[in-house]
Amino acid sequence: MEIKIDELSKVEGHAKLTVKFDEKTRKVSVCSLEVFESPRYFEVLIKGKDYDQVPYYAGRICGICNVAHLIGSTLAVENALGIEVSEQTKMLRELMVLGGVIHSHLLHMYMLALPDLLGYESILDMTSKYSDLIKRGLELKEIGNDIVRVIGGRPIHPITSLVGGFTKLPKQEELNELIKRIERKMPLVVETIKMMKELVDKSSSMDVGEEYMSLNHKKHYAMLYGELVSFSGKRFHPKDYKKYLTEEIIDYSTSKHVKLNGKTFMVGPLARMNIHSDKVSYETKMVMKEFGISFPTNNLLYAHVARAVEVFEFMQRCLDILSELNLKNEKVVKPKRKSGYGVSATEAPRGVLYHAYRIENGVVKDVDIIPPTTQNTACMEDVTKRYIENTNNKGKKLVHEIEKLIRTFDPCFSCSAHFLEVDFL
Amino acid sequence: MVKKLKAAIFTFTSCFGCSFELLNMKNELLKLFDKLEFLRFNLIGRNKYSKSYDIAFIEGSISTKKEQKKLEEIREKAKFVIALGSCACNGGVNIVKNYRKNAEKEVYEENIFESRNVKPLDEFIRVDYFVNGCPFSHQELLEVIDAIINNKIFQPKTSSVCSECKLKLKGECLLTKGKICLGPITRAGCNAICTSNKMPCYGCRGLAPDANINAYIKMLKLRFKLTDEEIKKLLEPYGFLERLEVKNNGNKDR
């Protein structure tokens with residue numbers, strides 16, 4: 001049997017999926033998700049640039065998780081050069097990162113996942129029957145953009161954030177206005193959680209595997225600072241990431257696989273919820289209780305629910321930070337040293353993001369970036385394989401279901417910058 | 001009812017940010033959907049085949065032979081081609097790669113992707129409209145679409161970012177404060193969004209036709225004591241260096 005689809009859509013970027021299996025026994029011999037085409041050589045672009053220009057370039061790795069790359073690279077450079085920023089800078093950065101995640105999650109839920117869960121090809125086909133729902137999605141998504149815009153000057157590739165601080169601070173009135181806007185939207189987020197839970201419960205469940213990894217902080221639901229923790233209990237400091245994460249070169253694929261001590265794992269909203277759902281705010285716990293949502297779960301589709309719950313949690317967290325902020329003009333902090341090696345691990349919308357830089361005399365000498373989707377690739381292949389072996393679906397239906405499964409991970413192939421084509425052999 | 005124009009969005013080497021920026025256009029986006037029928041918008045799951053398009057929006061620069069071929073096919077099928085964002089208009093930040101020898105070998109051990117020098121769209125095809133910026137400017141895109149639909153003339157700005165920045169920053173020039181800013185040589189049309197946020201201009205909109213680049217380089221040397229090497233590094237992204245080299249070498253094959 002030979003099935004061939006040219007492009008998988010509703011994902012960020014392009015990649016290629018090849019599956020070979022015996023139609024009778026359902027035994028899968030090859031299942032490879034290849035991320036390739038049009039490499040952008042960001043490691044090379046950044047190498048040779050001055051340390052303070054790194055975030056400008058790193059942010060441009062990706063159009064949807066640009067804030068995560070911007071802040072992640074900033075933290076790594078600061079780590080390398082011994083820069084300690086103020087509490088205010090940390091709070092503003094957290095707001096930006098949360099705004100970025102809120103925007104990305106809502107875009108995925110309403111514009112990419114909803115058509116799948118409701119049985120449409122594209123949101124463009126839903127405009128007549130679900131126009132209110134689409135408007136709600138666009139309106140909600142705007143909240144994430146607004147947060148990034150107020151702090152960073154614009155939603156995509158924000159401007160004001162620097163190594164060591166900010167070029168310009170928002171006005172207090174803008175922050176007050178933001179608080180009001182977020183508060184007004186909270187009921188719609190609760191509606192969204194309810195909707196995602198109902199839609200997911202109607203769909204059949206899909207086992208994702210057993211190992212997850214996320215950033216972990218003693219006190220709160222970690223996004224920017226903390227150590228790495230896996231579901232099975234492995235712990236390590238971001239600077240030791242190379243000791244625990246192994247990159248495997250696969251002969252059938254040009255994309256590398258990242259494994260944790262040789263094992264496949266998942267990162268992202270489901271992983272975060274599975275590992276530390278006990279650290280969400282009281283309000284979020286109440287909402288979860290109201291709709292009977294609990295983690296951990298191995299059901300991949302609960303990634304949709306995890307995203308919705310996270311949006312609620314992050315908007316609450318933004319409200320807390322915004323009311324706590326008392327803006328003062330501060331100087332941009334200068335580096336303590338000119339050379340050094342620095343690593344950061346942060347939570348991007350799709351999971352843990354690593355940035356590492358070696359800087360000599362203010363100039364970047366070495367770069368290593370591991371985006372979340374690279375870590376999830378092996379897991380996506382495993383899930384696809386298991387699905388094929390356990391279903392009787394054939395032809396178009398099979399292809400469609402596999403696409404849906406991969407989309408549940410919300411893969412971001414543009415982080416490695418590429419086209420996704422699906423080939424079934 | 002007026003017949004909707006057939007539109008398509010194609011993505012080449014880029015961060016997909018301009019596709020997302022389109023979705024960020026809020027009310028303007030819904031108005032856009034009223035006027036244009038998107039037959040291809042892969043990000044939101046639309047992939048209808050069509051023999052021709054009225055408008056092809058293209059984001060990203062061209063970095064492989066395969067991309068070049070596809071681009072040429074799109075040109076054949078499209079009445080109007082709009083280069084959307086810096087990568088498509090001037091090579092974006094991707095173009096920096098052209099100045100790094102052995103880029104492929106460093107990342108992938110060998111040049112398995114047949115990746116070549118990164119180039120903007122107009123190196124290969126005729127482009128009808130350029131909507132510059134990283135990401136692009138909403139206002140300019142709306143003006144271009146208005147020009148196409150209503151048969152108007154779109155006049156791209158030829159002056160530099162300074163012309164807009166002066167009105168916004170009211171004399172607080174970043175250069176006079178010791179910050180290296182590419183505003184004087186970068187094409188206007190962004191309403192000085194970076195400099196009015198106190199961030200020096202990185203030049204995302206490319207070289208302004210009216211720019212006096214020789215005077216600018218002289219200023220960098222005198223005022224900031226930059227070496228030739230440092231100036232070169234500064235002008236790597238967004239096609240500045242590429243255009244300068246052509247200027248200096250005549251009809252050099254790019």
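Read-outs: derived from the displayed coordinates by stated rules, not from any lab. Remember, it's a predicted structure, so these values are computed and weren't measured experimentally. Every residue, glycine among them, receives a Cβ derived from its backbone with ideal geometry; neighbour counts consider all protein chains shown.
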Quiz item: What FRET efficiency comes out for the pair A:S281/B:K170, r = Cβ-Cβ distance, R0 = 56 Å, nearest 0.05?
Solution: 0.80
Quiz item: So how far apart, in nm, are the two label points at A:N390 and B:K221 if each is 7 Å from Cα heading toward Cβ?
Solution: 7.0 nm
Self-check item: Dipole of segment B:167-226, positive direction: furthest Cα of B:C181, B:A192, B:A211, with charges on the beta-carbon
Solution: B:C181
Quiz item: To the nearest 10 degrees, how steep is helix A:372-389 against the longest Cα principal axis of chain A, on a 0 to 90 scale?
Solution: 10 degrees
Quiz prompt | Between segment A:97-154 and segment A:191-241, the Cα center-to-center distance that results, in Å | solution = 22 Å
Exercise. Within 10 Å of each residue's Cβ, count the other Cβ atoms and sort B:L29, B:L182, A:L322, B:L121 from fewest upward.
Key: B:L29, A:L322, B:L182, B:L121
Quiz item: How many partner chain Cβ atoms sit within 10 Å of a residue's Cβ in peptide A:398-405, on average, as a whole number?
Solution: 0
Quiz item: What are the semi-axes of the equivalent ellipsoid of segment B:5-149, taken as the square roots of 5 times the eigenvalues of the Cα gyration tensor, listed largest first and rounded to whole Å?
Solution: 28, 16, 14
Exercise. Using only Cα atoms, locate the centre of segment B:7-77 and the centre of segment B:205-241, then give the distance between them in Å, rounded to an integer.
Key: 33 Å
Practice problem: Please figure out what share of the DSSP beta bridges in the protein assembly as shown is antiparallel and state it in percent, rounded to the nearest 5. | Solution: 65 percent
Self-check item: Globularity ratio of segment B:161-249, using Cα Rg and 2.2 N^0.38 Å
Solution: 1.03
Quiz item: What is the local net charge at A:V208, summed over the other residues whose Cβ is closer than 11 Å to its Cβ (Lys, Arg +1; Asp, Glu -1)?
Solution: -3
Practice problem: Rounded to the nearest 0.05, what FRET efficiency do A:S131 and A:D366 give with R0 = 35 Å and r taken as the Cβ-Cβ distance? Could you check? | Solution: 0.10
Quiz item: Taking the Cα centre of the protein assembly as shown as origin and charging only Cβ (+1 Lys, Arg; -1 Asp, Glu), how large is the dipole, in debye to the nearest 20?
Solution: 1320 debye
Self-check item: Cα centroid separation, segment B:137-153 to segment A:278-302 (Å)
Solution: 47 Å
Quiz prompt | Where a label projected 7 Å from the Cα of B:L142 along Cα→Cβ would reach, residues of segment B:1-42 with amide N under 16 Å | solution = B:21-36
Quiz item: Which value, to two decimals, describes the C-alpha radius of gyration of the protein assembly as shown once divided by 2.2 N^0.38 Å?
Solution: 0.92
Quiz prompt | Chain lengthening between A:Q172 and A:K397 when straightened (0.36 nm per residue, less Cα-Cα) | solution = 75.7 nm
Quiz item: Which shape class applies to chain B: rounded if a/c is under 1.5, otherwise prolate when a/b exceeds b/c and oblate if not, where a ≥ b ≥ c are the square roots of the Cα gyration tensor eigenvalues?
Solution: oblate
Quiz item: So which residue, out of A:G82, A:G72, A:G144, gets the largest mean-square fluctuation from a GNM of chain A using Cα contacts under 10 Å as springs?
Solution: A:G82
Quiz item: Just for chain B, what percent of DSSP beta bridges are antiparallel, to the closest 5?
Solution: 25 percent
Practice problem: Using only Cα atoms, find the angle between the long axis of helix A:395-408 and the longest principal axis of chain A, and express it within 0 to 90 degrees, rounded to the nearest 10. | Solution: 20 degrees
Quiz item: For the residue pair B:I213 and A:D320, what label-to-label distance in nm results when each label sits 7 Å from Cα along the Cα-to-beta-carbon direction?
Solution: 5.2 nm
Quiz prompt | Neighbour-count ranking [beta-carbon atoms within 10 angstrom, fewest first] of B:C190, B:C89 | solution = B:C190, B:C89
Exercise. With an 8 Å cut-off on Cα pairs and a minimum separation of 6 or more residues, tell me the relative contact order of segment B:5-149 in percent.
Key: 26 percent
Exercise. May I ask what percent, to the nearest 5, of DSSP beta bridges between residues of segment B:5-149 are antiparallel?
Key: 20 percent
Quiz item: For segment B:47-64, list residues with backbone N below 16 Å from a point placed 7 Å from the Cα of B:K3 toward its Cβ?
Solution: B:50-55
Quiz item: At what distance in nm do the modelled label points of B:K79 and A:R235 sit from each other, each positioned 7 Å from its Cα along Cα→Cβ?
Solution: 6.5 nm
Exercise. Return one number: the angle in degrees, 0 to 90 and rounded to the nearest 10, between the long axis of the Cα atoms of helix A:66-81 and the longest principal axis of the Cα atoms of chain A.
Key: 50 degrees
Quiz item: Can you sort A:T127, B:T13, A:T374, A:T25 by how many other beta carbons sit within 10 Å, fewest first?
Solution: A:T25, A:T127, A:T374, B:T13
Quiz item: Do you know the relative contact order of chain A, to the nearest whole percent, from alpha carbon pairs under 8 angstrom that are 6+ apart?
Solution: 32 percent
